[in-house]
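Here's the structure we're looking at; comments come further down.
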Amino acid sequence: MGALQKYKGKILNYLQIIVGCFITAFAVNSILIPNKLSTSGVTGISQMVQSFTGINYSYIYYFFSITILILAFFCLKREEFMKIIFVSFLYPTLLVLTRMFHFVFVQGEMFLVCIYFSLFYGFGSGLVLRAGVTFGGTDTVARILNRKIFKNVALSRIMLILDGSILISLGFVFGKNVALYALVNHVICIYIMDYMLFGFRQKLYKAQIIPYDNADSEEIAKYILGIGRGVTIHKVVGAYTHSDKTMLSSIVSPRQSALIRSFLAEHYPKSFMEVSPIVTVYGIGERFIRIQGED
């Protein structure tokens, strides 16, 4: 039964990747290209090369994708290479196929076009990223540069420089308006991908409580356990008083955070409570993500 579940999970994972790549290719060929817009990444580079050579951008994308894949094979670790190999062939193929339909989803008001493109492109890319793989684009190039050349430069900074350079180049090749719309696309897509990865689940918060009296910690812990959350108890020392304190830590939902605060306000008003947002939590628990991946 365990092997069957694992096999089923892998099939669903590949289906998710295929659907995500198709939606992304659809966004490029049915929204971006018909409206003579562009975007960052390898897609933007391919469009610029097409403007100089006349070769269709989808074939140019294929060339860049295979080139990056070869570089990744020699420069990155095996697990990093395996994460991009499937998409490196699938996505360019879908770009070529969806281009053949000549279907235009929306045309006209450029700002609305940007919104539609970003929704589809961000959603499709988010599906692929949630499956644990990447497109093998500028993110992979950034990893290679970080690994082999700019070892002391943060990966995020390298990616920012790469995408920023592409956006500036778009301005010189296609004009400042196209570059501006490409920037808008890029920003909206990033937000949508973030929500795809983290935002569709209920928000979780880390609540840290230090009772005024250490003796109160047991009752507070019992209350948190009673609302269905685990508690970790830490021994800490206050820097101002140098006295030993007990700190309780728990991962809670917004509603549970409010319940704990109300409980403290009513029974232990001198307690200290810190609440901070958490991007995601891996492990076993309510609304946590299993660390071995999602089925």
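The values are calculated or read from the model by the stated rules, or taken from the named source; none is laboratory data. Remember, predicted model here, so these are calculated numbers, not experimental data. Every residue, glycine among them, receives a Cβ derived from its backbone with ideal geometry; neighbour counts consider all protein chains shown.
Key figures for this structure:
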item	result
Flag if Ala265 is over 26 Å from Thr43 (Cα atoms) and at pLDDT 90 or above	no
Ser51 vs. criteria part of a helix (DSSP H, G or I), of a type in the set (Gly, Ala, Ser), closer than 25 Å to Lys176 by Cβ and out of contact with any Lys or Arg (no Cβ under 9 Å at 6 or more places or on another chain)	yes
Criterion violated by Val187 - all others in (1) surrounded by 15 or more Cβ atoms within 10 Å (Cβ to Cβ); (2) under 30 Å from Val275 (Cβ atoms) satisfied	(1)
All positions within segment 172-183 that are crowded, with 18+ Cβ neighbours inside 10 Å and either of a type outside the set (Gly, Ala, Ser) or modelled with pLDDT under 90 (or both)	Phe174, Val178, Tyr181, Leu183
Selected residue [within 20 Å of Met110 (Cβ to Cβ) and of a type in the set (Phe, Trp, Tyr)] from Phe52, Phe26, Phe64, Phe22	Phe26
Segment 15-51, subset touching a residue at least 40 places away in the same chain (Cβ under 8 Å) and surrounded by fewer than 17 Cβ atoms within 10 Å (Cβ to Cβ), residue nearest to the chain's Cα centre (by Cα)	Val19
Among (1) under 30 Å from Ser262 (Cα atoms); (2) at pLDDT 85 or above, the one test that Leu204 misses	(2)
Restricting segment 52-67 to residues that are among the hydroxyl-bearing types (Ser, Thr, Tyr) and farther than 15 Å from Val96 by Cα, the residue that is surrounded by the most Cβ atoms within 10 Å (Cβ to Cβ)	Thr67
